[in-house]
Every structure is written in C-alpha cells, then in structure tokens.
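Have a look at the structure below before the remarks.
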Amino acid sequence: DVLLPFPELKNCYDTWIGLVFFALGVWKSCTPEPLTLFRRHANTVTRSGLAPSLKEKIRLARKSVADDTAGWYAELYRQLIERLGNRISPEMASLLEKRRLHSLRRSKMSRSFWKRLPEVMRETFNGNYFRFGRSWQNIVQDLFFR
C-alpha cells in the first residue's frame with residue numbers, strides 16, 4: 001500500500017521503489033550478495049557502466065537543468081513524505097524534508113548568475129550539495145548551466 005500507486009511523475013518507478021525501501025529501512029534486510037552479473041565486451045553498443053566524457057557530462061548537466069530534474073526530485077520527495085507519513089521515524093522524515101528543500105531551492109534558483117551565486121554558496125557551505133547531490137558536479141551545474 002505504500003509502493004502503489006506510483007506517483008504521476010515521468011519515469012519515477014525505480015527511483016520511487018528505492019526511496020520507499022530506503023525510508024522504511026528495508027535495505028537493511030536485503031542480501032549483501034550481488035544478484036546480477038554486469039559485464040561488458042569489446043563490441044558493446046551502449047556506454048552503460050563507462051565514465052562519461054567531459055562533453056557528455058556538460059550535455060547531461062544542461063539537459064538536467066532544462067528538464068528541471070531538481071524540481072522533479074522536490075515533488076518526488078514531497079509525495080514520499082506525504083505517502084509514508086507516520087510510518088517513518090522523525091529523523092527520516094527530517095532527512096527527506098531537507099532533501100526536498102535542497103532540491104526545491106535548486107529548482108527555483110535565479111537565472112541571473114549574480115543572484116544565483118549567493119544561493120549556490122549558501123547550499124555549498126551548509127553542506128547540502130555534498131549530502132544530497134553529486135557535490136562539485138551539481139555546484140558547477142548550478143553556477144554555469146542554470
């Protein structure tokens with residue numbers, strides 16, 4: 001009853017399942033053994049599992065801003081908190097709310113670099129980029145691609 005129905009957000013299924021399991025502490029009971037084998041061969045078509053090039057990282061950063069991925073996460077966390085309610089500990093609810101607020105602040109950042117700079121600095125100094133994001137990658141993304 002907590003997993004379904006999935007939120008009406010584009011492509012959220014696997015992320016939603018993972019977040020619900022995380023928030024409820026289900027990961028603690030999962031097996032530590034790998035259940036799948038991932039291997040690559042010389043003629044593979046996809047780049048899955050390979051580190052992206054700098055050009056690809058820039059493309060993905062621009063796409064993330066254009067798609068408002070931070071706003072998507074803010075809404076996902078809002079729905080998660082609402083759905084799980086009192087089934088999670090107050091500490092978990094607080095953590096999820098902090099993640100939601102960080103995503104929301106990123107989503108609402110000014111388009112002006114000079115107005116955005118203090119916002120990015122505040123989120124950097126309070127540690128949110130390092131706690132809830134991809135650290136320096138998200139800092140650079142918010143400074144130069146928003």
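Under a 1.4 Å probe, what is the accessible area of the chain per residue, stated in Å²?
Roughly 71 Å² per residue, with all protein chains present.
Ranked highest first by average number of other Cβ atoms within 10 Å, how do 72-79, 7-14, 124-131 line up?
Working: 72-79: 19.6, 7-14: 11.1, 124-131: 14.5.
So the order, starting with the most tightly packed, is 72-79, 124-131, 7-14.
With r defined as the distance between the Cβ atoms of Tyr13 and Leu54 and R0 fixed at 25 Å, what FRET efficiency is calculated, to the nearest 0.05?
Rounded to the nearest 0.05, the efficiency is 0.25.
Taking 7 Å along the Cα-to-C-beta vector as the label spot, tell me the Val2-Leu143 distance in nanometres, rounded to one decimal.
3.9
Can you give me the % of accessible surface on the chain that is carbon or sulfur? Probe 1.4 Å, all protein chains present, nothing else counted.
Whole-percent figure for carbon plus sulfur exposure: 58.
The values are calculated or read from the model by the stated rules, or taken from the named source; none is laboratory data. The structure displayed is predicted, hence computed values, not measured ones. Neighbour counts run over all protein chains shown; Cβ positions are idealised from the backbone, glycine included. Ligands, DNA and RNA are excluded from the accessible area calculation, which covers all protein heavy atoms including side chains. Shrake-Rupley method; radii C 1.70, N 1.55, O 1.52, S 1.80 Å.
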